[in-house]
1. Just one of His273, His236, His264, His281 is of a type outside the set (Asp, Glu), touching a Gly at 6+ places or on another chain (Cβ under 9 Å) and touching a residue at least 24 places away in the same chain (Cβ under 8 Å); which is it?
2. Being open to solvent by 30 Å² or more (accessible area, probe 1.4 Å), within 19 Å of the chain's Cα centre (by Cα) and of a type in the set (D, E, K, R) is the filter here, so list the residues in segment 87-124 that pass it.
3. Got at least one residue in segment 33-52 being outside any loop (DSSP other than H, G, I, E, B), of a type in the set (Gly, Ala, Ser), modelled with pLDDT under 90 and within 30 Å of Leu298 (Cβ to Cβ)?
4. Which of the following residues is touching a strand residue (DSSP E or B) at 6+ places or on another chain (Cβ under 8 Å), in a loop (DSSP other than H, G, I, E, B) and in contact (Cβ under 8 Å) with a residue 24 or more places away in the chain: Arg7, Arg77?
5. Arg26 versus (1) touching a residue at least 12 places away in the same chain (Cβ under 8 Å); (2) in a helix (DSSP H, G or I); (3) open to solvent by 60 Å² or more (accessible area, probe 1.4 Å); (4) not polar (S, T, N, Q): which is the lone unmet condition?
6. Among Leu267, Leu272, which is out of contact with any strand residue (DSSP E or B) (no Cβ under 8 Å at 6 or more places or on another chain), at negative phi and buried (at least 22 other Cβ atoms within 10 Å of the Cβ)?
7. Tell me the residue from Asp258, Asp206 that is open to solvent by 50 Å² or more (accessible area, probe 1.4 Å), over 24 Å from Met147 (Cα atoms), of a type outside the set (Lys, Arg) and in contact with a Gly (Cβ under 7 Å, 6 or more places away or on another chain), please.
8. Is it the case, given these coordinates, that Leu82 is surrounded by 16 or more Cβ atoms within 10 Å (Cβ to Cβ), modelled with pLDDT of 85 or more and more than 22 Å from Tyr156 (Cα to Cα)?
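The values are calculated or read from the model by the stated rules, or taken from the named source; none is laboratory data. Only a predicted model underlies this, so the values are computations on that prediction, with no experimental measurement involved. Cβ coordinates were reconstructed from backbone atoms using ideal geometry, including for glycine residues, and neighbour counts include every protein chain displayed. Protein only, heavy atoms only, side chains kept; ligands, DNA and RNA dropped before computing areas. Shrake-Rupley method; radii C 1.70, N 1.55, O 1.52, S 1.80 Å.
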Amino acid sequence: MTASDEREVEVPEGLDGERLDAALARMFGLSRSRAAELITEGLVLVGGRTASKSDRVLAGDPLQVTLPAPVPAEPPRVVEGLVVLYEDDDVIVIDKPRGVAAHATPGWTGPTVTGGLAAAGHTIATSGAAERQGIVHRLDANTTGVMVVAKSERAYSALKRAFRERTVDKRYHALVQGHPDPLRGTVDAPIGRHPSGDGRFAVVSDGRPSVTHYDTLEAFRAASLVSVQLETGRTHQIRVHMAALRHPCVGDLLYGADPVLAAHLGLTRQWLHAVSLTFEHPADGREVTFTSEYPPDLARALDILAAES
């Protein structure tokens, strides 16, 4: 088996004038974000030259595309701390622990939700790319909390549509440095890959529309506990938007958090937790809500702050 698949194709008439990332996604059945990654990594040439994901393509343009080898299926692997909150024929709702990715990705060797569920004997929908079957939304590997996975094909379709149409209510709690001003607000700023190419994301002019609502719940001496509601679901969205406000999540060293404060509170990851998820059940449309308590490391950090305030 070859390590990669090199293709030479021409842009069809139906995609004349499209953005390169959108055209690539439709031509090869990729997600828009995966198509953008290939372009950013220099694996897509237009007329023999590298291009930007936002460049417009014309019918007949020659494309050279190198598709990396697919991520091999991971062997089922029990995930310690992964708790099933609810399960029926259509959905399985879990409380995800830290250090667990939603699904396998290139370069990730740690445990995954999909692998953990398989190892525990749970069956999930077969829709989606092989490495992310049943996954309808994601939490960062080191973000804990409530997450839903589709078990049936109808649930996969219904939940993907619900997340896309923003009818799912996603609530998070975040401990952020300092005190946001105003105490309640909305961040409406596009998010894309950071120009440095180091894996971070950032507010960038050509990014994807991203909207985050926050409300301060409690103010401590050095930090504030905020409730966050997402309209969109971009990678690292809360972390990027709070950092853009100059109030990064405590412990989030990737996005500029103070390492001294993180160490003082015993945090080795961002203080960010998915506390609740509300959606219409795919089987009958009834509204269901699931919640998750703070894990020990986050609760301990709050206790330290409360004792010092």
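1. Details: His236 fails: touching a Gly at 6+ places or on another chain (Cβ under 9 Å); His264 fails: touching a Gly at 6+ places or on another chain (Cβ under 9 Å); His281 fails: touching a Gly at 6+ places or on another chain (Cβ under 9 Å).
Result: His273 is the single residue among His273, His236, His264, His281 that is of a type outside the set (Asp, Glu), touching a Gly at 6+ places or on another chain (Cβ under 9 Å) and touching a residue at least 24 places away in the same chain (Cβ under 8 Å).
2. Answer for segment 87-124, where residues must be open to solvent by 30 Å² or more (accessible area, probe 1.4 Å), within 19 Å of the chain's Cα centre (by Cα) and of a type in the set (D, E, K, R): Asp95, Arg98.
3. Filtering segment 33-52 down to residues outside any loop (DSSP other than H, G, I, E, B) leaves 33-40, 44-46, 49-50.
Next, from what is left, pick out any that are of a type in the set (Gly, Ala, Ser): 33, 35-36.
If we keep only those that are modelled with pLDDT under 90 as well, we get 33, 35-36.
Of the ones still in play, those that are also within 30 Å of Leu298 (Cβ to Cβ) are 33.
Yes, because at least one residue in segment 33-52 is outside any loop (DSSP other than H, G, I, E, B), of a type in the set (Gly, Ala, Ser), modelled with pLDDT under 90 and within 30 Å of Leu298 (Cβ to Cβ).
4. Numbers: Arg7 fails: in a loop (DSSP other than H, G, I, E, B).
Unique residue meeting the criteria: Arg77.
5. Arg26 satisfies every listed condition except (1).
6. Values: Leu272 fails: out of contact with any strand residue (DSSP E or B) (no Cβ under 8 Å at 6 or more places or on another chain).
Exactly one of Leu267, Leu272 is out of contact with any strand residue (DSSP E or B) (no Cβ under 8 Å at 6 or more places or on another chain), at negative phi and buried (at least 22 other Cβ atoms within 10 Å of the Cβ), namely Leu267.
7. Details: Asp258 fails: in contact with a Gly (Cβ under 7 Å, 6 or more places away or on another chain).
Answer to the check: Asp206.
8. Working: surrounded by 16 or more Cβ atoms within 10 Å (Cβ to Cβ): yes; modelled with pLDDT of 85 or more: yes; more than 22 Å from Tyr156 (Cα to Cα): no.
So Leu82 does not fit the description; no.
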